[in-house]
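> The following block contains the structure, expressed as structure tokens.
None of the figures in this text is laboratory data; all of them are computed from the coordinates on show. Computed from a predicted model, the values in this text were never measured in an experiment. Neighbour counts are summed over all protein chains in view; Cβ atoms, including those assigned to glycine, are modelled from backbone coordinates with ideal geometry.
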Amino acid sequence: MPLNDIANRISDEEFALDTIEGERVIITSPIILGTQGSEWEGSPIFRRDYLLALLTHSIKHQVLDAADIDAALDRGATACQACG
């Protein structure tokens, strides 16, 4: 599966917002799934730009806030230090 076939941006038509069991969620379109016959068939594949766009939309639509991002960065830094 060529990398160019994997989405790297999210347009306003490619996601929806909802509340499920009281929690805000973003629902993405299946354009991030590995294509049929590929090694990653049916699996979500997230490119860097796509993840950044997803974070941006999540903050913009109050699914996440800045404190959530800060906490994730702190956990990631701690995990990197543990790896050596």
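> May I ask you to order 42-55, 68-81 by the average number of other C-beta atoms within 10 Å around their residues, highest value first?
Numbers: 42-55: 13.9, 68-81: 10.3.
Highest to lowest by the protection proxy: 42-55, 68-81.
> Sticking with this one: Using only Cα atoms, what Kirkwood radius does the chain have, in angstroms?
It works out to 14.6 Å.
> Using DSSP loop states and a limit of at most 12 other Cβ atoms within 10 Å to flag GluC sites (Glu not before Pro), what is the longest stretch of the chain containing no flagged site?
40-84
> Same structure, new question: Which value in deg cm²/dmol, rounded to the nearest 500, describes the helix-derived mean residue ellipticity at 222 nm for the chain, given -39,500 (n - 2.57) per DSSP H run of n ≥ 4 and division by the residue count?
Values: 2 runs with 31 residues, N = 84.
Roughly -12000 deg cm²/dmol at 222 nm, from the helical runs in the chain.
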